[in-house]
Each structure stands twice: as structure tokens, then as C-alpha cells.
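Structure first, commentary second.
Values quoted throughout were computed directly from the atomic coordinates according to the rules given, and no laboratory measurement underlies them. Source: prediction; values computed, not measured. All Cβ positions, even for glycine, are placed from backbone atoms using ideal geometry, and neighbour counts span all protein chains on display.
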Amino acid sequence: MPARGISFSLREVAVCRAPLYVPRVTESVPPTSRRRTGEEVADYVVELASALDRYGCPSYRVEHAARVVAEIEGFHAEPFVLPTGIFLRLVGEAPHIELHRMVRVAEWTTDLGALVEVDEIFNDVADRKLTLEAARARLRTLPTRPHTYSKPMLFAASVLLAAAAAVFLGGRAIDVPVAAAAGGGVGLVEIWLLRSEARRLLADFVAALLAASAAWLATRLFSHVTPEVIVLAATIGRFPGMTFTNGLAELAQKNLVSGGARLAEAMVTLLQLVLGVALVFGVQQLVHADPTPPEPVPRALPLLVQGAALVVSSLSFGVIFHVPRRFLWTALASGATAYVTTALAVRHLPGHLAAFLAAFAVCLLANALARKTARPAQLFQIPGMMLLVPGSFGFLSLGYFLRGDFVAGASRGFSMLLTGGGLVLGVLLANALLPARKVL
């Protein structure tokens with residue numbers, strides 16, 4: 001999902017067949033010699049696992065981390081992780097104990113800064129610099145800690161991301177500022193929606209509704225506007241492409257329940273987005289105000305504009321996912337790897353094979369950086385993968401189905417499956433050839 005003088009940082013013991021970790025303690029820090037009880041270890045493991053689950057770590061990685069942590073403390077753990085909860089069975093041999101824990105995970109997001117902090121907490125515990133009680137206290141403070149980036153910076157990142165997405169989606173020059181304005185409007189309304197538990201459930205539907213309304217208004221104010229590009233760009237941050245890809249990855253890892261749950265979550269999100277657009281489309285038909293389709297785009301925007309969009313989108317994803325400031329440059333490196341690999345591969349290969357090669361390249365880079373920095377590989381992987389995930393394919397597929405064009409809808413849906421499968425296989429191959437030696 002640290003350079004503190006320790007050699008173990010959520011290392012994959014089972015994969016590497018490494019001996020059980022023996023913490024190295026510096027002379028300045030007295031070791032904690034007291035053996036930790038089963039109750040203490042069970043409480044710590046379940047809280048650590050729930051924190052990893054809450055901040056975007058896939059279920060199979062959370063389960064592996066729980067097993068490694070328990071093994072370090074001399075216990076055997078059997079975790080069962082879902083997006084909404086953690087179940088844990090902890091067994092000790094001498095004396096024999098069997099403990100059970102269950103924690104409900106009510107909210108989850110992708111917060112790479114928090115994942116880094118969770119990794120640091122684990123390192124301090126494994127190195128006997130931190131007691132389990134103190135570690136649990138630090139884990140409980142993570143949801144209330146000050147974020148790396150302020151709310152205005154997050155809002156600005158969402159606006160810039162919408163503008164950059166319009167470039168990547170093949171929009172015209174006029175589509176870029178219109179998409180940025182629509183993305184800003186969506187962001188402002190989202191801030192209001194998230195203040196209420198009841199309203200936040202409508203965030204995806206309302207975002208699509210506003211984006212489609214903005215696109216309709218833009219066709220009345222400007223010529224040569226591409227409504228589809230504006231809608232997709234303004235709602236790009238809400239596409240469940242990463243959720244869909246993680247679901248496929250968990251199915252590939254035989255986490256069938258968790259993978260199925262994530263796929264169902266992605267489908268519900270897509271349905272809300274499409275229904276929001278469909279409502280505006282229905283109103284257009286009702287008032288006989290269907291916009292005239294614009295002429296085909298003659299060519300893509302200049303390469304310099306695409307390069308600027310790459311920089312903006314990569315850094316925006318880094319801000320949105322709370323990448324620590326000192327590692328923000330890695331978001332740009334990851335995004336550039338994804339973009340360049342895709343641009344070169346798509347000239348000679350189908351889209352899903354280009355996605356496979358791009359995911360392979362991004363994951364290789366992420367694992368290499370994880371080895372170099374002893375930080376979670378997800379910190380370097382997710383920003384680049386966000387440029388590859390096939391969320392827009394699913395959105396367009398359901399849109400075609402709503403219009404009655406089932407052939408085009410099935411084609412887009414199949415393309416989404418192929419692209420998602422290519423991404424998963426690229427990640428699996430990279431992990432096999434150059435493992436990060438870290439669970440995250």
C-alpha cells in the first residue's frame with residue numbers, strides 16, 4: 001500500500017521464505033522484553049488490519065499483513081477481510097489460546113499518507129520501540145490527524161484534474177476550461193453533500209446530474225463543445241475504475257467474497273452516475289432541446305498541451321490521494337510511466353494489451369521505489385494506475401444500454417473487462433518478477 005535503520009518493513013515472510021523477523025534495537029532505545037499477551041496481539045492486529053482496510057489497502061494485502069504481524073509476535077493468525085469489516089482468529093501454541101475479534105469498517109478511502117503512517121507504526125512496534133497499547137492509540141488518532149493538503153488545495157486539484165482529463169479524452173480547446181468549470185461546480189456541491197450522512201449517499205448521482213447539466217448549458221453558450229467529454233472529465237474523480245480493478249485483483253487472489261463486493265460497489269457507482277446523466281438527457285428530450293452533435297475532432301491537442309495535462313493530472317492525483325509532499329515527485333514519475341508506455345504500445349497493440357504493458361511498467365517502477373525507500377509500494381503505484389483504470393468504459397457502456405444501443409454497450413463493457421484484466425495481470429507479473437518485499 002522506513003529509513004529508520006531497520007531491515008524489516010511489512011516484509012513478505014511467506015513469499016520470501018525468510019526466517020522469522022528478529023528486531024534490531026539500537027543502544028539508544030531500550031528493548032521491550034516483556035512477552036506480549038494474546039489479548040494484546042489480537043487487539044493490535046485487528047486494529048492495524050482495519051486501518052489498512054480503511055485507507056485503501058486491498059483485502060489480500062491486509063490479510064497477509066495480519067499474518068506477518070502475528071507471526072512476528074509468535075502467534076498464528078487466520079484473518080478474513082472484507083471492505084466493510086475484519087474477522088480474526090488468533091492462535092497461540094504455548095500456552096494454547098484461541099482468540100476471536102471482529103471490527104466493522106464503516107468508511108473507506110484511498111489515503112496514501114495514512115498508509116505510510118500505518119507502516120511507520122508497524123515498524124516501531126516490530127523494532128520494540130513502541131508498545132502495542134501506544135501503537136493502538138496512534139492508530140486511533142489517524143482519522144482525526146491534520147491532512148497533508150488543505151481543503152482548498154484538494155478542491156484546486158479536482159478542478160485541474162477535470163481540465164487535464166478533457167485533454168486525455170480527446171476534447172477540443174474549448175472543452176478544457178468548460179470541463180474545469182464543471183468540475184469545480186461538482187466539487188463545491190460535493191463538499192456540501194459530504195456534510196450529511198443521508199446526502200453523501202447521493203454524491204455520485206448528483207455529480208453526474210450537475211456535470212450533464214453543465215454540458216447541456218455549455219452547448220447553448222459555446223460552439224463546438226463536446227458534451228460527452230465534459231461529463232466524463234467533470235466526474236472523472238468519481239469513476240470506480242480503481243474499485244473495479246481491485247475487485248478483479250482480489251478475485252485473482254482467490255478472495256472471492258471481497259472481490260465480488262468491490263465489483264458490486266463499482267457497478268452501483270456506475271449506475272448512479274449513468275442515471276444522473278440519463279435524467280438530464282430525459283429532460284432534454286422532453287423540452288425538445290437535444291444538442292446538435294459536434295463535428296468530429298480533427299486531431300488531438302498539441303503535444304505540449306498533453307505534456308502539461310500529464311503533469312497536472314499526476315500531481316492532482318498525488319494531492320487527492322494525500323501522497324506525502326516529499327514523495328509527490330513519484331506521482332509524476334508513475335503517471336509519466338503509464339502515459340508513455342500506453343502511448344507507445346497503443347500504436348501497435350490493442351488497448352487491453354497496452355494497458356497490460358503500462359500496468360506492468362508502473363508496478364515495476366513502484367516496486368523498485370519501494371525497495372529503495374522501504375515505503376509501501378502502493379504509495380508509488382496508485383497515482384500512475386489511476387491514468388489506466390477503465391472506469392469511463394463502464395460509464396459509456398451503461399450509457400449505450402440506456403439509449404437502447406445494446407451492441408455498442410456490450411462492446412464497451414467487454415472492453416472494460418479486457419482492460420481491467422490486463423491491468424491485473426500486469427501487476428501480478430511485475431510482483432512476480434520484481435517483488436517489493438512489502439505487503440503494502
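Numbers below:
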| read-out | value |
| --- | --- |
| Alpha carbon centroid spacing (whole Å) that separates the stretch 300-337 from the stretch 210-237 | 23 |
| Calculated [θ] (222 nm, deg cm²/dmol) that DSSP helices of n ≥ 4 give over the chain, each run adding -39,500 (n - 2.57) | -21000 deg cm²/dmol |
| Given 254/372; 129/372; 254/438, the pairs whose alpha carbons are separated by over 27 Å | 254/372 |
| Point-charge dipole on Cβ atoms (K/R +1, D/E -1) for the chain, about Cα centre, debye to 20 | 740 |
| Debye, to nearest 20: dipole size of the stretch 138-283, +1 on Lys, Arg Cβ, -1 on Asp, Glu Cβ | 520 |
| Peptide ranges 182-189, 319-326 listed from the most packed, as the mean C-beta count within 10 angstrom indicates | 182-189, 319-326 |
| Cβ crowding within 10 Å averaged over residues, with 103-110, 121-128 ranked highest first | 121-128, 103-110 |
| Positive-pole candidate from 274, 413, 99, dipole of the chain, charges at beta carbon | 99 |
| For the stretch 305-316, 3J(HN,Hα) per residue [Karplus equation, 6.51 cos²θ - 1.76 cosθ + 1.60, θ = phi - 60°, Hz, x = Gly/Pro] | 5, 5, x, 5, 5, 5, 4, 5, 5, 5, 5, 5 |
| Highest to lowest packing among 148-160, 75-87, scored as the average C-beta count within 10 Å | 75-87, 148-160 |
